[in-house]
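The values are calculated or read from the model by the stated rules, or taken from the named source; none is laboratory data. Only a predicted model underlies this, so the values are computations on that prediction, with no experimental measurement involved. All Cβ positions, even for glycine, are placed from backbone atoms using ideal geometry, and neighbour counts span all protein chains on display.
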Amino acid sequence: MESCIDFLECLETDMVLNILKCMDDPADLLRASIVSRGWRDFVVANKLSKILCVGRFPQLANVVDVAEFNCKKTVSTDVGSSSSSEREILSSDHKAFASLLHTLTKLIPSPTECIKEAFSASSTDNYPDESVVHTLDPRDRFARRASYWSSKGQKDPSVPETLIYKLKSDFCVITEIDIQPFEAFFQMGYPIYSANSVRFRFGHPKSINEVENFESLEGPADDKFIWTYTSPKFPMVQENRLQHFKFPEPVLCMGGFLLVELLGRVQRQEMDGLFYICIAHVKVLGQPLSPAFNVEVVEPSGKFVLKYFPELLPQTLLSASKDREQEAAPTHLVASEEMLWGHVGLLEYLVGGGLEEDDDDEAGGWDEENEMDQFIL
């Protein structure tokens, strides 16, 4: 042990950060933080868990504060707070972002449906028979009637349309959006009223009160939101099938709203000579991050507070398991929970007795209870 060299003490801080930033597995971050107290202090002081989160999900750069909630206390990292020391603030940030990174890694591989309800459409031809709410039903026919949304007709095929949806959580990770254009089986030639291309935006309301009081599904509402993410354009084909638009990388929706931009019209209606866009179904694939995580918009800055509920983390992971394996036996869910807390048990062993304390720890004392509070896998 006397011949061992701690490169943390031999290299410049920038060099060490460049090395540790290469980690892409949250378990690696956890391992680094329990090598010794010095390593843990380095990881926490340099906000490495947030750096790794922002590297994978740039939207998190807009998080300016973290609020941690549990049955005993609430730790808020508001700037200028006199009730929390700098160490408590950094430790709370580290714990929240490390847990978020781990959770995102677990949730991404198996997404589920994330739309809660339709919010508005930029135009509707015959309301409510052709309302945007019909796009939530995967069937293009219901009770012997067509089920779809239709825009108003336009002479100019370049006029776009937008659909807005509220998601199941204000904080979601989204991997894919699927759209099925509508085939008018009741018109001669069975025309398909697709768009030429599609683009997606995620965001949050400018004012919660204004959105809560908005009741119309048939009018534009784009100006009531701030869109914090915009996808590339995806070409749409004029075919009656569910078309899959997968993001190059998973995207965080911070604020709980999705805007679907339908760009360009390709089908003219024979009856009136106008161009329409009609959609049979919209599906959003991803995973809500609640109840363990949520975000709150700080008005008017548009920045976010990340809310973290560590005691609810197992519920978030198990809820995702239930969504992915609805037909699986209950024992699978129990096994998932046991595995999760099995990692925490291993961590207790490593911090409590499996590691040799260095000289600094002997001099300063290792507060095991306080240190364990900083780790959540």
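Within the stretch 205-230, track down each residue that is in contact with a Cys (Cβ under 9 Å, 6 or more places away or on another chain) and not β-branched (V, I, T).
Listed by number, the list holds a single entry, Y229.
How about the stretch 212-223: which of its residues are assigned to a helix (DSSP H, G or I) and either touching a residue at least 60 places away in the same chain (Cβ under 8 Å) or basic (K, R) (or both)?
The initial filter retains those residues of the stretch 212-223 that are assigned to a helix (DSSP H, G or I), namely 212, 222-223.
Across the stretch 212-223, the qualifying residue is only D222.
Report whether or not G286 is in contact (Cβ under 8 Å) with a residue 40 or more places away in the chain, among the small types (G, A, S) and farther than 25 Å from S207 by Cα.
yes
Taking the residues in the stretch 134-146 that are at pLDDT below 95 and under 21 Å from E113 (Cα atoms) as candidates, determine which candidate is surrounded by the most Cβ atoms within 10 Å (Cβ to Cβ). If you could, list the steps in order and put the result at the bottom.
Our first condition is that a residue be at pLDDT below 95; within the stretch 134-146, this holds for 137-146.
Add one more test, that the residue is under 21 Å from E113 (Cα atoms), and what stays is 137-142.
Numbers: D137: 13, P138: 14, R139: 12, D140: 19, R141: 12, F142: 11.
Among those residues, the one meeting the criterion is D140.
Which residue is nearest to K166 (Cα to Cα), if the candidates are limited to the stretch 224-241 and must be loosely packed, with under 13 Cβ neighbours inside 10 Å and free of Cβ contacts under 8 Å to residues at least 40 places away in the same chain?
This residue is P232.
Of everything in the stretch 45-91 that's modelled with pLDDT under 85, of a type in the set (A, V, I, L, M) and surrounded by fewer than 16 Cβ atoms within 10 Å (Cβ to Cβ), which residue is nearest to F171 (Cα to Cα)?
V79
Filter the stretch 105-117 for residues that are more than 18 Å from F202 (Cα to Cα) and under 12 Å from the mean Cα position of the chain (by Cα); which is surrounded by the most Cβ atoms within 10 Å (Cβ to Cβ)?
This residue is L107.
So if I check each of I34, I19, which one is at pLDDT below 65 and more than 23 Å from F309 (Cβ to Cβ)?
Just one listed residue meets the conditions, I34.
For the stretch 233-321, which strands (runs of 3 or more DSSP E) that fit wholly inside it have 1 or more residues that are in contact with a Pro (Cβ under 9 Å, 6 or more places away or on another chain) and of a type in the set (S, T, N, Q)?
The strands (runs of 3 or more DSSP E) meeting that bar are 243-254, 278-288.
Being modelled with pLDDT under 90, surrounded by 13 or more Cβ atoms within 10 Å (Cβ to Cβ) and under 17 Å from Q59 (Cα atoms) is the filter here; which residues of the stretch 300-341 pass it?
G302
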